[in-house]
Structures are given as C-alpha cells and as structure tokens.
1. Quick one: angle between helix 8-19 and the longest Cα principal axis of the chain, in degrees between 0 and 90, rounded to 10, please.
2. Calculate the spin-label point distance for residue 38 paired with residue 363, positioning each point 7 Å from the Cα along the beta-carbon direction, and give it in nanometres.
3. Could you give the angle, 0 to 90 degrees to the nearest 10, between helix 89-118's Cα long axis and the longest principal axis of the Cα atoms of the chain?
4. For residue 184 and residue 437, calculate 0.36 nm times their separation in residues minus their Cα-Cα distance, and state this gained length in nm to one decimal.
5. Between the stretch 399-462 and the stretch 184-207, what is the C-alpha centre distance in whole Å?
6. Students often get this wrong: which residues of the stretch 306-329 have the backbone nitrogen under 19 Å from the point 7 angstrom along Cα-to-C-beta of residue 235?
7. Spin-label point model (7 Å from Cα, Cβ direction): what's the residue 375 to residue 264 distance in nm?
8. In nm, what is the difference between 0.36 nm times the number of residues separating residue 174 and residue 208 and their Cα-Cα distance?
C-alpha cells in the first residue's frame, strides 16, 4: 500500500468520534460497581479475621453487587463467612473472583464506550489454550495460603514477619517458567508491602492497587489460570504509532503500539509488541534505550520512522506480538501520523484476556487534531469541538524529545485514550507542532533506535559509563 493524502472527511471522522460528548456522559452501573469494589477494599484493609460491623456491611455490599449473576450464591456465602471471621481459602477465592468480575464489568462498559466513540470493531478473547498442566500444586497452595494470611491480617496489620513469608515461595517458583508470572507478581506485592511495614504506621493505604494485586495473585493460584491464551500468527506490514515507556527503579519496558496490515488484505488490527529488561537504578532517561535496543529491532524501526514486514509472527488474541527477530525485517519508511490519519480509524480493537479486564488496563490508540490547548491549573486540556479532554502529561517519558510544553503547543496528536480517576484522559505518544514556521513531529520514542540530539547523546553516554562501572565491579566480585 502506498501512502496517500487523507481526505478532509477521513480526518474529521476519527477526530469527531473521539471528541464527541459521549466522553463525558455517565455509564450506567459504573459508579455502583466501583463503589462495591471500594467497599470490599475497606474490609480488606482492616483484615478479615475479626471484621467490625461496618466492615461486615461492606462485604455484604460486594455480595449484593453480584446478585443475579452465576457467582451470586458462592459470593453471598463467602461474604457471610468473612463477616463472621470464618472465611476459608475457598471463600477468599470467591471474594477475589467477585471483585475481579466487577472490575471486569467496568472495563467492558468503558471499552464499549470507546468502541462507540471511535467506531472501531472490538474483538473477543478466547479462553486458555489448555487446562493447567505440569504446575507444581504445592507451590500454588503455598502461595494461596500466604495470600489468605494477608487478607485475614489486612494491610493495616502487616509486618515484616508476615510479608517475608513470600520470599521462599517466590524463590521456588522462579525456575518454573509456567509459574514465573505468578512469582513476579508475588515478589512485587511483597516488595511494596515490605517497604510499607509496619501497616499500623501507614498514613495512606493504596487500597485499590494492593487489592488489585492481591485478587489477581489469588486467582492465578487456580490451576490453569496462568496458561497463555491461544495464539495465531501475523503476516503483513507493521506500522508503528508510538512507544509507551514504563520505567521502574530496577526494570524498564517499552511497548510499541502499531497497526498491522495483513498480507492477505484482511482488516487492519491494532497490535502491541513489548520488550522488558532489568536495569540498574543509575540508568535513567535516554540511557534506558541502550538496554532495550539489543532485544528488539522494532525499536530501531520506530526511531527511523520505518515499517516492519512480519512473516508468521506469533500473536495472541489480545493483540500482543510474541516478538521473534527471525520473523521480522525492516520495511519502507512509514510516518506515524500518516498511519494515524489513514489506517487507524478502520483498525479493529484488540480483545482483553479475562484476568486483564480492568479499567486501568485500557490504552487505546487515537488520533486528534483541530483542537485548542489550555491549562486548567497543572493540567493541560485539549478543547475538542464537542468538549474538553485532559492530557496526562505525567506519563510522558523523559527518554525522548516529547515534552509537556511541546504537547501544549501542538496541533495534532497520536495518543492512548485511557480512563483514570473517573474520567477519560489521553497520553500523548507523538505530536505535530510548529517550529520556526515549519510543522515538525515529536515522538516519545524518537530516541529508541539512537539519536544525535545533544540531550539524548549526553544521557546515553552517562548510562554507558554507569553500566561500564557496574560491570567492572561485578567482574571484581566474581574474581574474588
């Protein structure tokens, strides 16, 4: 396919779809579902060993929210047992399932609204490819027991003795690739809890986050829940839209959002390709790219503004490419804004795996233009034809030339549409702005494949020096 200039009607269709007042219209049942989750999280914060009467009422609220569903009877029984301080591990599992189901319903309602806004067709996820097999049942039981102890104690009651109980379980799980997902989750939760001990001294408890991690981990102890969903293959042209960079003190992940044009002429679809690596906490900003770059040639293509040609690349039903360098090669130049203007509006939305159905997981690529920008306090706002849309500039990585200032001066934007704290927001991946009377494009992932930008070169050199020092120190330690 050769790039062509989109017509005015093509551009307006995508912009008006996202700008419509549907963004601000309430979604039936959404607030009630989230209120029931908050009620359970209050009970979980104080612990389920001896719930107070008001916490018992919060458990009842969770059960009431599931009335009329297939889970109703089991959740009602579990809530009654938990209110009496007699919940077994199976009862706690039912409560975790109820909480997850409510957030899943909220996700589905928000995803349906986004599909309505963008006019794109959502896909549906398949179940696991096969029931659980080969997983060590004793380790799953041990993990479930530790998570049950957390629930009975509550976040306010955690101490180092309780939290450290995860360490041996995680160590035993890590060598088993089928359990590594659960092991990583348990390790992360335990690390956050350890940094917050003792719970009695906490001024603020991140109840929603810890509740999310606890419920997901508990459900992953069910045999078969960890199995990867069925996957197919992708052959065709991959057109990158932008890079979403996730950085932690000890790890970094780059997730490339793209449009896949199937070689057989089928409907384009939105896909993602991710790469994650551990990192020293001294490697920051643009330095992280040199850690990621060797593991995925797609990052170089993003930095150069090129497409990738895929041949039989594995892809899940959720649109995640299981990247294999042997099944990809660099293609022709491909501008992200041309992709957004021409191909994005017709691309189908990826499905969400059952356990990934959560409002925080929504990140849908959209294209916006024809807006004015303004500041509302510390928040940048795009004033679209049919209403305002807040911009989440805190998500813009420092590892690229894209800045909050360039977003505020932009005239077009490729972004991820998200939902946070009760409202839709956009996370910019790239913008078009005017510099010296010329329109230029600034991308969050522009330095992914390397850069001649002075700030980027300086940051990469500092990172190289830091890694070199760490390697020398590690070598001395090994020699000793």
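Coordinate-derived values only; no laboratory data. These figures come from a predicted structure and were not determined experimentally. Every residue, glycine as well, gets a Cβ built from its backbone with ideal geometry; the counts of neighbours run over all protein chains shown.
1. The helix 8-19 is inclined about 20 degrees to the chain.
2. Result for the modelled spin labels: 2.6 nm.
3. 20
4. Result for the pair: 86.1 nm of gain on full extension.
5. Measuring centre to centre over Cα atoms gives 33 Å.
6. 308-317, 321-329
7. Each label point is offset 7 Å from its Cα along the Cβ direction, giving 5.3 nm.
8. In short, 9.6 nm is gained.
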